[in-house]
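All remarks here apply to the structure that follows.
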Amino acid sequence: MEEAHAIPHLRETLEFLALAGVLVPLLQRYRVNSVLGFLAVGILVGPFGLGRLASEVPLLGWLVFPNLDAVSVLAEIGVMFLMFMIGLELSAERLWAMRRWVFVAGNAQVLVSAAAIGLIAAAFGNPLASALVVGLALSFSSTAVVMQLLSSRRELGTPIGQASFSILLLQDLAVVPVLILVGLLGQPGDTSVAASMAIAIGKAVAAIALIYLLGRSVIRPVFRQMATSRQADTFMALTLLSTLGIASLTWLAGLSMALGALLAGLLLAETEFRHEVEITVDPFRGLLMGLFFLSVGMSIDPLEILRAPLLLLGSVAALFALKATIVATVMRLGGLSRGKAVEAGLLLGQGGEFAFIVFGLAMSLGLLAEQTGRFMLLVVGLSMFAAPLVAELGRRLGARIERVAPPEPPSEAPILPDLSGHVVIAGYGRVGQLLGQLFDSQGIRYVAIDPDARLVAGFHAQGRPVFVGDASRGELLRRLGLDEASAIVLTMDHSSAALRAVQSIRREWPRLPILARARDERHALALREAGADTVIPEALESALQLAALALARAGLPGAVLSGLLEREREQRIASFGGGEPA
């Protein structure tokens, strides 16, 4: 009889899902940063926590993670989807709009931080290659921690939030060439650091160009063809196929799979399917990123803290002080006020999640001594734990500086092109297209969605802001900036789709003006009762226009005709809600 084989890593997967099911609601209830929560639990249930007792208490072995191998395999998928989501944020248009902050301020922060930290590491006796790795890895900040802090404070749209996001964006872009560089430095031979860096950059650029050009000719047509079925499972399958398929291509080329996931995100960011893809992947990304941070916590040995507490805490404090000074200087030169620059410096002063990947690769290649690498992992982990506290300290310190410092002239307008005061058009058929043309002629900003992928493809190719989507999905509308929109206009042909959209929008945006097109008076009544502010039935408008032509031929003066039609229109529309005309 053949031996039955279990699903690989089944026990670890079940344990993590159980932890996530219990941990996530608890963290949300007590308003604990989810990243720090997963790190803490990872330390507790990992091989350096309760995992030490697994061999002595067999039952405990089913509740903890005694080894990292299985978790690391699953965590790599989490990293890939993090890079994929970053790629979705990196559309060419957005990068160009933020070019000054991303490429100037971001590069300055990474290069100066890496040089300063690398020199300190070399002063402690580390070889040049090891010092370079330490400097580059510690120059990164935690995208997950910082973005969550900015989101909880509702500061993503502020100058400090936009500037911080820009620097984090450059750091995320820099991860891929840094990983390639570490791989080249770890190869045997006498290649110089400068030559290795040149090879790394050239290899990355060549791979990105080749896969990007090939992907553009394949991904968009495939999505357009398959998305016509409007099946959620088909869309999910295409998203996963694109991400894992391109990641496999980069792996076959000898590059990082994270690079492939980033490229997949970049390719889809330029299509009309971008927002639907974000919504499809977002729940799984959160789960997989939780797994990644859980595995990071498992790699931290708390006993190491007891062996050299002063050196460790001093290193964490020095990392914050050095990076905060550099970031604050960059922000100040970029135009932020003194107080905001100090606040941003302390906000970005911690180590980042990608440092764990860089240090792990460097240790596996022998570039970094095991003891040094584990010490650096502890420094990064503790700095991430301290990040919320230090960020709050930075906000209070920045506010005090703002009060004491003399007032400065206002800086330039928002760093990011943020939609505000625009109109959202739901449905881009004949009526929606007419609205879009009128808005364009008057310079009014708008964004439109429509479920018909083929229809959207043509307009998106012309550069119009039209995307594939369902207007009843609140998360999609939020990504289109409905929080800051002046109104939403529903022009859909399907009565039930319009009704669902009004109900969904009114639940989440009770004060947003909703203007809706109705097929007839019965449909108009249903839309008004669901929460639409203004409803225009097609039959009513046709009748009024015909009446206007007939009355004009009968000799009714224009002023009298206009007043009559306006009163009739107001009475009819008001009657749908049982009210009186204004």
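The values are calculated or read from the model by the stated rules, or taken from the named source; none is laboratory data. In this text, all values refer to a predicted model and were calculated from it rather than measured experimentally. Don't worry about glycine lacking a Cβ; one is built from the backbone with ideal geometry, like all the others, and counts go over all protein chains shown. The accessibility values were calculated without ligands, DNA or RNA, using every heavy atom of the protein model including side chains. Shrake-Rupley method; radii C 1.70, N 1.55, O 1.52, S 1.80 Å.
Out of all the residues in region 311-329, is one or more within 15 Å of Ser164 (Cα to Cα) and under 23 Å from the mean Cα position of the chain (by Cα)?
yes
Picking from Phe284, Phe320, which residue would you name as being out of contact with any strand residue (DSSP E or B) (no Cβ under 9 Å at 6 or more places or on another chain), modelled with pLDDT under 75 and not polar (S, T, N, Q)?
Matching residue, one of Phe284, Phe320: Phe284.
Could you go through region 380-398 and let me know if any residue there is over 16 Å from Ala163 (Cα atoms), of a type outside the set (Lys, Arg), touching an Asp or Glu at 6+ places or on another chain (Cβ under 9 Å) and open to solvent by less than 50 Å² (accessible area, probe 1.4 Å).
yes
Kindly evaluate Val281 against the criterion of being of a type in the set (Val, Ile, Thr) and closer than 26 Å to Gly21 by Cβ.
Criteria met by Val281.
Could you tell me which numbered condition Ile300 fails, if it satisfies all but one of (1) outside any helix (DSSP H, G or I); (2) closer than 26 Å to Leu170 by Cβ?
(2)
Determine whether region 281-288 contains at least one residue that is in contact (Cβ under 8 Å) with a residue 24 or more places away in the chain, in a helix (DSSP H, G or I) and under 25 Å from Ala114 (Cβ atoms).
Checked against the condition, which is being in contact (Cβ under 8 Å) with a residue 24 or more places away in the chain, in a helix (DSSP H, G or I) and under 25 Å from Ala114 (Cβ atoms), region 281-288 yields no hits at all.
Residue check, Thr329 against (1) closer than 26 Å to Leu150 by Cβ; (2) open to solvent by less than 50 Å² (accessible area, probe 1.4 Å), all met but one. Which one?
Evaluating Thr329 over (1) closer than 26 Å to Leu150 by Cβ; (2) open to solvent by less than 50 Å² (accessible area, probe 1.4 Å) leaves (2) as the failure.
Considering only residues that are part of a helix (DSSP H, G or I) and crowded, with 21+ Cβ neighbours inside 10 Å, which ones fall in region 362-372?
Selection gives Ala362 alone.
Looking at (1) under 19 Å from Ile77 (Cβ atoms); (2) in contact with a helix residue (DSSP H, G or I) (Cβ under 6 Å, 6 or more places away or on another chain); (3) modelled with pLDDT of 75 or more, find the lone condition where His9 falls short.
Just one mismatch for His9, condition (3).
On the basis of being part of a helix (DSSP H, G or I), among the charged types (D, E, K, R) and modelled with pLDDT of 80 or more, does Glu568 make the cut?
Taking the combined requirement at face value, the residue does not satisfy it.
Tally up the residues in region 264-290 that are within 23 Å of Gly360 (Cα to Cα) and open to solvent by 10 Å² or more (accessible area, probe 1.4 Å), please.
5
Identify, from the list Ala501, Ala539, the residue that is open to solvent by 20 Å² or more (accessible area, probe 1.4 Å) and of a type in the set (A, V, I, L, M).
Ala539
For region 413-460, what are the residues that are at pLDDT 85 or above and of a type in the set (Ser, Thr, Tyr)?
Across region 413-460, the qualifying residues are Tyr428, Tyr446.
Here are some residues: Ala386, Ala344, Ala328, Ala321. Which one is closer than 28 Å to Val102 by Cβ, touching a residue at least 24 places away in the same chain (Cβ under 8 Å), among the small types (Gly, Ala, Ser) and in contact with a helix residue (DSSP H, G or I) (Cβ under 6 Å, 6 or more places away or on another chain)?
Result of the check over Ala386, Ala344, Ala328, Ala321: Ala344.
For region 75-148, give me every one of the helices (runs of 4 or more DSSP H) that falls completely inside it and has 1 or more residues that are surrounded by fewer than 22 Cβ atoms within 10 Å (Cβ to Cβ) and at pLDDT below 75.
92-97
Could you grab me the full set of residues in region 504-536 that are of a type outside the set (Val, Ile, Thr), within 40 Å of the chain's Cα centre (by Cα) and open to solvent by 60 Å² or more (accessible area, probe 1.4 Å)?
If the condition is that a residue be of a type outside the set (Val, Ile, Thr), within 40 Å of the chain's Cα centre (by Cα) and open to solvent by 60 Å² or more (accessible area, probe 1.4 Å), then Arg507, Glu508, Pro510, Arg511, Leu515, Arg519, Leu525, Glu529, Asp533 are the ones that fit.
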